[in-house]
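Chemist: Here's a structure for you.
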C-alpha cells in the first residue's frame, strides 16, 4: 500500500479520490431516496422535512472530503498547501452549522404546515432566534479557534452595540415592536385589523415591519413601532356582529308605535340567527323633525360578513312588513306649511 502511494502522483490520487467521492455521492443519494419512499408512507411529515434538510449537507461533506484529501496529497510539493489545510479544517463546522440551520427550518416548516393549533408567527419568531443563536455561537467558537480573544470580541461588541443602538434606534424600536406583537398577540397573520390610518388583512409580521393587504388589494407596509402608539381594532376576532338601526314612522302613526315595537321585539327573540344571550333592545326613543323614531339593537350569531348582511336584510324586511301590517308607514322627510288666511271681510 505504501509502495502504491509512493508511486502515485498527487493528480492520480486526486482522481482516485474523485471516483470514490462520486460513488459515495451516488450511494448516499440512493439510500436517501429509499428512506424518503419509506417515510412518505407515514402520516407524520416531520421525518420528511428532516431528511430533506440533512441530505444536501451530507452530500457537501462528501465532496469536502475529496477536496481536503486531494489538497493534502499536494502538501509535500507546495508549501502553501500546509497553511491552506490549517484553515480548511474549519469548513466542516460551517457545513454542519448549515445542516443544523436547515434542520431548524425543517422543523419550522413542519410546525407551520401541521394542523396542531400552534401560532405560525410565534414559530417563525422562535426558530429565527434559535438560528441566530446557533450561528453566533459557531462564529465565536471559530474565532477562538483562529486565535481571537472572545472576551475582547464581546467587549468590542458591547461598545459597538451601544453605538449601533443610538444610530439605529428606529430600527431597534421596530424590532422590539415586532417582538411585542408576537408576545401580546393583538393580531396574527390572516387577521383583519383596523385603525384610523389603515384597514386590511395582515399578510406578514416581519422583524421590522408588518405587511397589510387593504381591501383595495394594495399592500401597506407599517413599521412595527407604530402599533405601540395607536389603538388597533381586530374585527376578525369579534364574537358577534351587531345590528344597530334607527327606524322612523309618521307622527300620524304614533298610536301604533307600542304595538310595532312589541312585535319587532318578539320577532327578534324568536329569530334563530339572533344571539339571545346578548343585549336585545327595541325602544321608541326620539321625536325627530319628520318622524318618530325607534331603535333596533341586537347581535347575530354569525360573524361572517355575507351571512350577516343576509340576516340583516331579512330582519329589516320583516320590520317593514310589521309596520305595514299595523297600517303605519315608514316616514321620509316632509314639511307642513300652514297658510294663514288674512282676507278682509
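Chemist: At 7 Å along Cα-to-Cβ for each site, give me the label-to-label distance between residue 266 and residue 245 in nm.
Modeler: Distance between the two pseudo-spin positions: 1.9 nm.
Chemist: Assign one of three labels to the range 239-325, namely rounded, prolate or oblate, based on the Cα gyration tensor with a ≥ b ≥ c the square roots of its eigenvalues; rounded applies when a/c is under 1.5, prolate when it is not and a/b is larger than b/c, and oblate otherwise. The partial results should precede the final answer.
Modeler: On the way: a/c = 2.04, a/b = 1.98, b/c = 1.03.
Cα axes put the range 239-325 in the prolate bin.
Chemist: Give the peptides 238-247, 49-58 in descending order of average Cβ contacts within 10 Å, highest first.
Modeler: 49-58, 238-247
Chemist: Can you tell me how the range 170-236 classifies by the Cα gyration tensor, rounded, prolate or oblate, using a/c under 1.5 as the rounded cut? Spell out each step's value before the answer.
Modeler: On the way: a/c = 1.66, a/b = 1.46, b/c = 1.13.
Verdict is prolate for the range 170-236.
Chemist: Suppose a student asked you for the relative contact order of the range 164-305, using Cα pairs under 8 Å spaced at least 6 residues apart; what percent would you report?
Modeler: Working: 228 pairs, mean separation 28.5, N = 142.
Here the relative contact order equals 20 percent.
Chemist: So for the range 239-325, averaging the separation of alpha carbon pairs under 8 Å that are six or more residues apart and normalising by length, what relative contact order in percent results?
Modeler: Relative contact order, the range 239-325: 40 percent.
Rule-based calculations on the coordinates, nothing more; no lab input. In this text, all values refer to a predicted model and were calculated from it rather than measured experimentally. Virtual Cβ from ideal backbone geometry, glycine too; neighbours counted across all protein chains shown.
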